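What follows is a short report on a single structure.
The values are calculated or read from the model by the stated rules, or taken from the named source; none is laboratory data. Note that the structure is a prediction, hence the values are computed from the model and not measured. Neighbour counts run over all protein chains shown; Cβ positions are idealised from the backbone, glycine included.
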There are 2 protein chains.
Amino acid sequence: MAKGSDSIAQLTAAFAKMPGIGVRTAERLAYYVQSLSTEDARALVEAIRTVKTRAVVCSQCFNISETDPCPICSGRGRDRSTLCAVERVQDLAVIESSGSYRGLYHVLGGRIAPLEGVYPEDLTIRQLVERARGEEVKEVIIATNPDTEGDSTAHYVMDQLAPVDVEVSVLARGIPAGGRLEHTAQGTLAGALSGRRSVKAKGNGT
Amino acid sequence: MAKGSDSIAQLTAAFAKMPGIGVRTAERLAYYVQSLSTEDARALVEAIRTVKTRAVVCSQCFNISETDPCPICSGRGRDRSTLCAVERVQDLAVIESSGSYRGLYHVLGGRIAPLEGVYPEDLTIRQLVERARGEEVKEVIIATNPDTEGDSTAHYVMDQLAPVDVEVSVLARGIPAGGRLEHTAQGTLAGALSGRRSVKAKGNGT
């Protein structure tokens, strides 16, 4: 871009720092910003500023919202005996929108990944253990992602919770609804087999 | 995100409008912005503003730079007899960085794609024809992308340039350097065959 625009190059560099955005995409985004109307560009800047000034991390569960504590932690009608530990706020949002969980959450802030420089002390595991010691809490559901780093993070959290008088559970592994056996990965099949449940009606056999 | 952050949702929506950015990516970017230091967030906002205030479209070739005319149009030592018409500024940058072209450019502003609502009058084809009528101009190289829309755009431009007293050329099609025949698409092979050049040394045969 020797003969191009310095400002485009700078914005490209800023976008390229974002997670999952390569240089080509960043460049396309920078040109997109240039093509925006003054009004739309101002709206984008305002949205960024609002996030920085208004969105806060919940001091209890590390969710991100406009209040501290967040609407979930301060919500009436939530089951305060259960904490669901997730890697990221996005995971919390997905579980929340499923409508099948009424307890509280705990956002770990990522997963343990030493190769990427993420160690247990970088996550909110200590705070989770502290919360789990609370009178009200009866169960911690570890809902990390079902992959290598997620699993090892789950195991680390389990170890930390071992001395605490609290139930600890993980999400069920199995074949996703709507999935097909022939397209199911071996690890998923293995999990579905080892986690198989009896469906034999009681008193029907011997 | 009912129990989440409105400001995150708004920034997600703003990012999701960007080309090639889906909702999931947009959400990840919004959380990334939230996690930025105040300083880094300010730098991002500043970079966006700078692009909007400083980057301008060249009134001659439609390149984007900090000056009008752009450094290429106002550059000494450029061959002013040749115009290379490209779809986007990024294409101009790629050709420029190849170091193998010393003429001027003309950014069309996209390609004709009626299904996406892009018609000839949305591009700078009229302005290209006008420039091609200029005394100095001897050749227009049409360097649209080698795909269906790029080709039909090239044909449309050719038709428009037909009445103008100027040479019109297109980039050579063929096997890319470092490519392998077995991995070459049929259309590319067809182009390489029909565009084959004689390498028989003169006076060596009959």
For B:Arg54, state whether it is without any contact (Cβ under 8 Å) to a residue 40 or more places away in the chain and facing chain A (nearest Cβ under 7 Å).
yes
Selected residue [within 26 Å of A:Tyr32 (Cα to Cα) and touching a residue at least 12 places away in the same chain (Cβ under 8 Å)] from B:Leu171, B:Leu92:
B:Leu92
Specify the residue that is farthest from the other protein chains (Cβ to nearest Cβ); the eligible residues are those in segment A:98-118 that are within 19 Å of A:Pro146 (Cβ to Cβ) and among the small types (Gly, Ala, Ser).
A:Ala113
In segment B:1-35, how many residues are closer than 21 Å to A:Ala9 by Cα, part of a loop (DSSP other than H, G, I, E, B) and within 7 Å of chain A (Cβ to nearest Cβ)?
3
Answer yes or no as to whether B:Asp159 is assigned to a helix (DSSP H, G or I) and surrounded by fewer than 17 Cβ atoms within 10 Å (Cβ to Cβ).
yes
Sort out which residues of segment A:116-137 are among the acidic types (Asp, Glu) and part of a helix (DSSP H, G or I), and write them in order of number.
A:Glu116, A:Glu121, A:Asp122, A:Glu130
Going by what's in this entry, would A:Val140 be described as more than 18 Å from the chain's Cα centre (by Cα) and in a strand (DSSP E or B)?
no
Select from segment B:106-135 the residues that are touching a Gly at 6+ places or on another chain (Cβ under 6 Å) and free of Cβ contacts under 8 Å to residues at least 40 places away in the same chain and write down the one among them that is nearest to B:Glu96 (Cα to Cα).
B:Leu123
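Could you check how many residues of segment B:37-51 are more than 7 Å from chain A (Cβ to nearest Cβ) and either buried (at least 16 other Cβ atoms within 10 Å of the Cβ) or not in a loop (DSSP other than H, G, I, E, B) (or both)?
Of the residues in segment B:37-51, the ones more than 7 Å from chain A (Cβ to nearest Cβ) are B:37, B:39-40, B:42, B:46.
Among the residues that remain, those that are also either buried (at least 16 other Cβ atoms within 10 Å of the Cβ) or not in a loop (DSSP other than H, G, I, E, B) (or both) are: B:39-40, B:42, B:46.
Final tally of qualifying residues: 4.
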What number of residues in segment B:136-168 are free of Cβ contacts under 8 Å to residues at least 40 places away in the same chain and hydrophobic (A, V, I, L, M, F, W, C)?
7
Could you grab me the full set of residues in segment B:162-190 that are in a helix (DSSP H, G or I) and either crowded, with 16+ Cβ neighbours inside 10 Å or under 17 Å from the mean Cα position of the chain (by Cα) (or both)?
B:Thr188
Enumeration of residues in segment B:59-76 that are within 12 Å of chain A (Cβ to nearest Cβ), in contact (Cβ under 8 Å) with a residue 24 or more places away in the chain and assigned to a loop (DSSP other than H, G, I, E, B):
B:Cys61, B:Phe62, B:Asn63, B:Ile72, B:Cys73
Filter segment A:136-149 for residues that are out of contact with any Gly (no Cβ under 6 Å at 6 or more places or on another chain) and either crowded, with 22+ Cβ neighbours inside 10 Å or of a type in the set (Phe, Trp, Tyr) (or both); the one that is nearest to A:Arg173 (Cα to Cα) is A:Ala143
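Residues A:Thr124, A:Thr144, A:Thr188: which one is closer than 24 Å to A:Ala93 by Cβ and either modelled with pLDDT of 95 or more or charged (D, E, K, R) (or both)?
A:Thr124 is the lone residue from the list that is closer than 24 Å to A:Ala93 by Cβ and either modelled with pLDDT of 95 or more or charged (D, E, K, R) (or both).
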